[in-house]
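A short write-up of the structure that comes next.
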Amino acid sequence: MAIEFATNVAIDVAPAQFQESLMTRSLSSALALTGLALGLALAPPARAADISGVWLTDTGDANVRLAKCGANLCGTIIWLREPNDPATGRPRTDAKNADAAKRSHPMMGIEVAIGFHPDNGDANKYVGTFYNAKDGKTYRGSIVPAGADKLDVEGCLLVFCQKQVWTRVKR
């Protein structure tokens, strides 16, 4: 059997050698693809970006420290632009909290991002719960890094969502 290439060079190959060569290449390709598939299947899952640090809310009225709390991330208010209530001159409190016993707690130190963990479907997204001290309610939420110094923060009630962009505070 003669095999002719694009260069018009003919090479005589016996049919048995040709068949054996073809089978060897096919087997090698199959093994390579199997190895690649196994490598992808056994590769560790992608890790979410580290979003811990201090973040300025989009309105600029608070700094929230995102840090580990157990296996998750939580966010605590560590700075307020207006820490004191103008009516009383005393530190602002969590006056709208649904739990009456917590209404006298100072806003500084209130946990506003609760139990955030990487989303199963998107390794770059964190999901958890936000506490909104302005109305005393909690909302399902997500945090997605938008570069090294920005976070896309979203809180939702049913299908209604509100999105903010938080900015990393440089120290």
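Taken together, the values in this text are just the output of simple stated rules run on the coordinates, not laboratory data. All of these numbers come straight from a predicted model, not from anything done at the bench. Glycine gets a Cβ as well: all are built from the backbone with ideal geometry, and neighbour counts include every protein chain shown.
Full extension of the chain between Asp58 and Asn120 yields a length gain of 19.6 nm, computed as 0.36 nm times the residue separation minus the alpha carbon distance. Amide hydrogen proximity for Asp119: with H placed 1.01 Å from N in the peptide plane, the residues at 5 or more positions away or on another chain lying under 5 Å are Lys125, Tyr126, Val127. Using θ = phi - 60° in the Karplus curve 6.51 cos²θ - 1.76 cosθ + 1.60, the 3J(HN,Hα) couplings for the range 78-93 round to 10, 7, 10, 4, 10, x, 9, 6, x, 6, 10, x, 9, x, 4, 10 Hz; x is entered for Gly and Pro. A straight Cα-to-Cα reach below 30 Å connects Lys125 with the lysines Lys68, Lys96, Lys134, Lys137, Lys150, Lys163, Lys170, residues fewer than 8 places away in its own chain not being considered. Along the charge dipole of the range 53-168, Cβ charges K/R +1 and D/E -1, which of Trp55, Ile110, Gln162 sits furthest on the positive end? Positive-end residue among those listed: Ile110. Placing a label point 7 Å from the Cα of Phe160 along the Cα-to-Cβ line, the residues of the range 115-137 whose backbone N sits under 20 Å from it are 129-137. Amide H to amide H, with H built 1.01 Å from N, Trp79 comes under 5 Å of Asn63, counting only residues 5 or more places away or on other chains. Solvent-free Debye calculation, one equal scatterer per alpha-carbon of the range 53-168: log10 I(q)/I(0) at 0.13 Å⁻¹ equals -0.50.
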